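Asks: Take this structure, written in structure tokens, and hold onto it; I'll ask about it next.
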Amino acid sequence: MAYGKLTVVAGPMYAGKTSEILKRILWARSGQNQIVHVYKPAFDTRYSNVEIVNHDGLRTPARSISEWPVLDETPDLIVVDEVQFFDEPHFKGDLVDIIGIHLRQGIDVLASGLDTDWQGQPFYVTSMLLGMADEVHKPKAICTTCGRPAGKTFKKSESGETIELGATDKYEARCNEHWKV
């Protein structure tokens with residue numbers, strides 16, 4: 001049995017990560033006629049509980065989970081969005097190990113998420129998956145201050161919490177020059 005391929009799309013907020021995986025899901029389903037399972041963290045309720053949705057409103061159905069489900073069929077591709085949230089206290093289990101098991105079963109996996117938090121610290125799950133990846137796509141956003149390529153997420157609120165759900169109300173993309181902790 002062939003080993004599955006792990007593709008990771010990681011970067012700051014507003015870089016088009018979800019748009020990229022939506023494009024890949026569409027191609028897998030329609031262009032390659034594959035069975036695709038799409039998962040999102042139950043914790044992330046910003047746009048929908050039953051879909052992954054990009055900031056422009058493009059969407060596809062997804063299963064919201066707080067622990068890994070038993071698969072009722074063997075998919076060709078497993079897609080996991082917002083992987084940084086698949087950790088305690090929002091997720092029971094070790095997503096990195098779970099993905100490893102599916103890869104060994106010959107199932108391809110596409111994972112997407114933030115590479116670092118607003119303080120510039122790597123998210124554990126994302127960093128582990130980046131290390132395991134066969135393919136990495138690291139898109140840049142556009143700095144809201146100067147318009148140059150942005151690789152950082154800037155938090156506008158004064159809350160010191162590492163994880164706080166939000167969109168443009170709480171976060172901006174920034175280049176290194178305009179990003180600050």
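The values are calculated or read from the model by the stated rules, or taken from the named source; none is laboratory data. Owing to the predicted nature of the structure, the values given are computational and were not obtained by experimental measurement. Here the Cβ positions follow ideal geometry from the backbone for every residue, glycine too, while neighbour counts run over all protein chains shown.
A quick yes/no check of all residues on (1) among the β-branched types (Val, Ile, Thr); (2) within 15 Å of the chain's Cα centre (by Cα); (3) crowded, with 21+ Cβ neighbours inside 10 Å:
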residue: ALA10; (1), (2), (3): no, yes, yes
residue: MET13; (1), (2), (3): no, yes, yes
residue: GLU20; (1), (2), (3): no, yes, no
residue: TRP27; (1), (2), (3): no, no, no
residue: ILE35; (1), (2), (3): yes, no, no
residue: ALA42; (1), (2), (3): no, yes, no
residue: ASN54; (1), (2), (3): no, yes, no
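Asks: If THR153 meets every condition in (1) at pLDDT below 95; (2) surrounded by fewer than 14 Cβ atoms within 10 Å (Cβ to Cβ); (3) within 16 Å of the chain's Cα centre (by Cα) apart from one, which number is that one?
Replies: Going through the list (1) at pLDDT below 95; (2) surrounded by fewer than 14 Cβ atoms within 10 Å (Cβ to Cβ); (3) within 16 Å of the chain's Cα centre (by Cα), THR153 breaks only (2).
Asks: Tell me which of these VAL50 doesn't satisfy, since it passes every other one: (1) surrounded by 12 or more Cβ atoms within 10 Å (Cβ to Cβ); (2) out of contact with any helix residue (DSSP H, G or I) (no Cβ under 9 Å at 6 or more places or on another chain); (3) among the hydrophobic types (A, V, I, L, M, F, W, C).
Replies: All conditions are met except number (1).
Asks: Among the residues of the range 67-116, write down those that are of a type in the set (D, E, K, R) and without any contact (Cβ under 8 Å) to a residue 12 or more places away in the chain.
Replies: ASP72, GLU88, ASP94, ASP97
Asks: Name the residue that is surrounded by the fewest Cβ atoms within 10 Å (Cβ to Cβ), counting only residues in the range 65-85 that are of a type outside the set (A, V, I, L, M, F, W, C) and under 17 Å from ILE25 (Cβ atoms).
Replies: That would be GLU73.
Asks: Among the residues of the range 156-181 satisfying the criterion of being acidic (Asp, Glu) and within 25 Å of ASP56 (Cα to Cα), which is modelled with the highest pLDDT?
Replies: Here the residue is GLU172.
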